[in-house]
Amino acid sequence: MGERPVRIREVAGSNPATSTILIRIFREVTNVKDLLCDGFQDCVRHYLIRHKSIVDIMSKLQESSSRVNRAVAKAVTNCGCIQVHAGRQRIPPGVETLEGLRDHMSTHVEGELCNHCREVLEEEIGRTLFYLAALCNTFDLNLYDVLLKEQERLSCLGMFNFS
Ligand SMILES: [Zn+2]
């Protein structure tokens, strides 16, 4: 987190006034994101009544993440807006950097989601987030802190992260 204002200062150049304004905007945006995440978690706390048991939350979380996969599968087999052409990842000889490796790794997805399939996928991801937030609520975890910690972990690992 502390690194960003330094980068903002680089972007703003030598003008301290521009730099201060950019830092203030960055902090406000960060606070809004923070509030958005906390607001979502509060909303889940408010609306989750029927499936409040951890047993229900765990099984609903699994069900909703399966439905995310199902939405992608249906985009391929029912709608056909995307195709999956999967095979072994092929890296040409001579690629020596991790950046170069990234360019040669394929998602195996061809085409683009149509509006309908995109909406369905968004809905299923939203449902999954709902139960993830519910799981956090049960154990008094803050979803935003979880996101930040994961982001920090990724930043620390940098190019050594192969996940
Ligand atoms: Zn489609």
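Values in this text are rule-based calculations from the coordinates and carry no lab data. Only a predicted model underlies this, so the values are computations on that prediction, with no experimental measurement involved. Every residue, glycine as well, gets a Cβ built from its backbone with ideal geometry; the counts of neighbours run over all protein chains shown.
A compact table of results
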| item | result |
| --- | --- |
| Spacing of the two label points (7 Å from each Cα toward its C-beta) at residue 110 and residue 157, in nm | 3.1 |
| Residues of type aspartates and glutamates that residue 52 reaches as a straight line, Cα spacing below 18 Å, ignoring anything fewer than 8 places off in the same chain | 42, 63, 140 |
| Residue order, fewest to most surrounding Cβ atoms within 10 angstrom, among 123, 99 | 99, 123 |
| Residue order, fewest to most surrounding Cβ atoms within 10 angstrom, among 130, 139 | 139, 130 |
| Ranked list, fewest to most other Cβ atoms within 10 Å of each Cβ, for 128, 97 | 97, 128 |
| Positive minus negative residues near residue 44 (Lys, Arg vs Asp, Glu; Cβ under 12 Å) | +2 |
